[in-house]
Amino acid sequence: MIEKPLLLIVGPTASGKSSLAIKLARALDAEIVSADSRYLYRELEIGVAKPSSADLASVKHHLINVASLTNPWNLGLYKQSATQIISEIQLRNRLPILTGGTGQYVRSILQNWQIPSHGPVDQLREDLETIGDQIGFDKLYEILSAIDPQAAANIDYRNHRRTIRALEVILSSGKKFSDLRDKEKPPYTTLIIGLELPREVLYARIDERVDTMISQGLVGEVQNLLDAGLGPALEAMRVIGYNEIITHLRGEISLEEAAALIKRNTRAYVRRQANWFKPTDPDIHWLNAQDPALFENALDLIESNFGIMPER
């Protein structure tokens, strides 16, 4: 089987992945496949820093605005959808560019994870949620850590939905969640470009992005979601930026405190992202995101790895 090319652009939040991907897609007549779990949802806009409508119109994007908070996707559905889309792009003899900061999504494609087929078991999930409410979701996470430490290591302890999902699969299958997620060689020739920035520069970008979100109307966006009855879904998904504003709208903290909390939580998220995209990973070609020659350097890597030569 001939392995077709797949370009991946990875790196921390606010490093400029989307911008580079769009620029490369224009030069290469390529298509972008999102690997950002938050971009899936139509209801989330300002607080997730989606590409602008102009950017979305200028380059073909996939897996953005395809789901609703009322029916959240799991990793298996993302993997199935992304794999099919990548194959369709390649059949059109175009280059797929997979980019986003959700490390689990990227790795599921890059390592061709064989995701457990177990769908949600409604009563079991409801029971687990009730137990979590009674004993605390931190205790549920401790239980998962004891049963399947490898699975727990890949889940943020504050992500109740994923903790419950892992326990749900374990209890319904009788097998460890981590054992069910086998890996196979992906059917692609891959090039992984990573964007890196000094930590202080990255943190400054995060702070500026949060301030911009607030000025663009994040509070109003969250209020509209609450008015539409989506508060429980938002809180269950624990999307950074939204839950902090919900706390503000409840009168528990000021807007300034909410903004500071979003910045702090985003920085913590960046540190977790580093577990998926390690600076020591020999398969990632790390480029300085501040380098004026970033675009040209990326094109050089694409040309040398894939033999694709755009007009310059």
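Derivation of every value follows stated rules applied to the coordinates shown; laboratory data play no part. No experiment lies behind these values; they were computed from the predicted model shown. With ideal geometry, Cβ positions are generated from the backbone for all residues, glycine too; neighbour counts draw on all protein chains shown.
Taking the square root of 5 times each eigenvalue of the Cα gyration tensor, what semi-axes in Å does the equivalent ellipsoid of the range 12-122 have, largest first?
Listed largest to smallest, the semi-axes of the range 12-122 are 23, 18, 12 Å.
Within straight cross-link reach of Lys176, meaning Cα distance under 20 Å, which lysines are found once same-chain residues fewer than 8 apart are removed?
Reachable lysines: Lys79, Lys139.
Only counting other Cβ atoms within 10 Å, I'd like Leu6, Leu124 sorted with the fewest neighbours first.
Leu124, Leu6
How far apart, in nanometres, would the label points at Asn65 and Arg92 be if each is projected 7 angstrom from Cα along the Cα-to-Cβ direction?
1.7
Given Cβ point charges of +1 (Lys, Arg) and -1 (Asp, Glu) and nothing else, what value in debye, to the nearest 20, does the dipole of the chain about its Cα centre take?
Magnitude of the dipole: close to 520 debye.
Sequence neighbours fewer than 8 away in the same chain don't count; with that in mind, list the aspartates and glutamates whose C-alpha is under 14 Å from Lys278.
Glu196
Expressed in nm to one decimal, what extension gain is obtained for the pair Leu255 and Glu200 from 0.36 nm per residue of sequence separation less their Cα-Cα distance?
Full extension from Leu255 to Glu200 adds 17.4 nm.
Can you tell which of Phe137, Thr163, Ala153 lies farthest toward the positive end of the dipole of the range 122-180, using +1 and -1 charges on the Cβ of basic and acidic side chains (Lys, Arg; Asp, Glu)?
The Cα lying farthest towards the positive end belongs to Ala153.
Sort the following peptides by mean Cβ neighbour count (other Cβ atoms within 10 Å, averaged over residues), highest first: 13-20, 301-308, 74-81.
Sorting 13-20, 301-308, 74-81 by mean packing, highest first, produces 13-20, 74-81, 301-308.
Compare the Cα positions of Thr99, Ile214, Leu40 along the charge dipole of the chain (+1 at Cβ of Lys, Arg; -1 at Cβ of Asp, Glu; about the Cα centre) and return the one farthest towards the positive end.
Thr99
Work out how much length Ala54 to Tyr157 would gain on full extension: take 0.36 nm times their residue separation and subtract the Cα-Cα distance, in nm to one decimal.
Here the answer is 33.4 nm.
I need Phe177, Phe137, Phe295 ordered by Cβ neighbour count within 10 Å, fewest first.
Lowest count first: Phe295, Phe137, Phe177.
Return Glu257, Glu196 ranked ascending by Cβ neighbour count within 10 Å, so the fewest neighbours appear first.
Glu257, Glu196
If you take the square roots of the eigenvalues of the alpha-carbon gyration tensor of the range 157-296 and sort them as a ≥ b ≥ c, do you get rounded (a/c under 1.5), prolate (a/b over b/c) or oblate?
Oblate, since a/c reaches 1.5 and b/c is not below a/b.
State whether the range 122-180 is rounded, prolate or oblate according to the following rule on the C-alpha gyration tensor (a ≥ b ≥ c being the square roots of its eigenvalues): a/c under 1.5 gives rounded; otherwise a/b larger than b/c gives prolate, and the remaining case gives oblate.
Judged from the Cα gyration tensor, the range 122-180 comes out oblate (a/c at least 1.5, b/c at or above a/b).
Find out how many positive minus negative residues lie around Asn243, taking Lys and Arg as positive, Asp and Glu as negative, among other residues whose Cβ is under 11 Å from that of Asn243.
For residues surrounding Asn243, the net value is +1.
In debye to the nearest 20, how big a dipole does the range 122-180 give about its Cα centre with +1 on each Lys and Arg Cβ and -1 on each Asp and Glu Cβ?
Around 200 debye, computed over the range 122-180.
Starting from the eigenvalues of the Cα gyration tensor, five times each then square-rooted, give me the equivalent ellipsoid semi-axes of the range 82-172, largest first, whole Å.
32, 14, 11
Straight-line reach from Lys23: which lysines have Cα under 16 Å away, leaving out those fewer than 8 places along the same chain?
In chain and number order, the partners are Lys50, Lys60.
Would you calculate, for the chain, the mean residue ellipticity at 222 nm contributed by helices, counting each DSSP H stretch of 4 or more residues as -39,500 (n - 2.57) and dividing by all residues, to the nearest 500?
About -16000 deg cm²/dmol.
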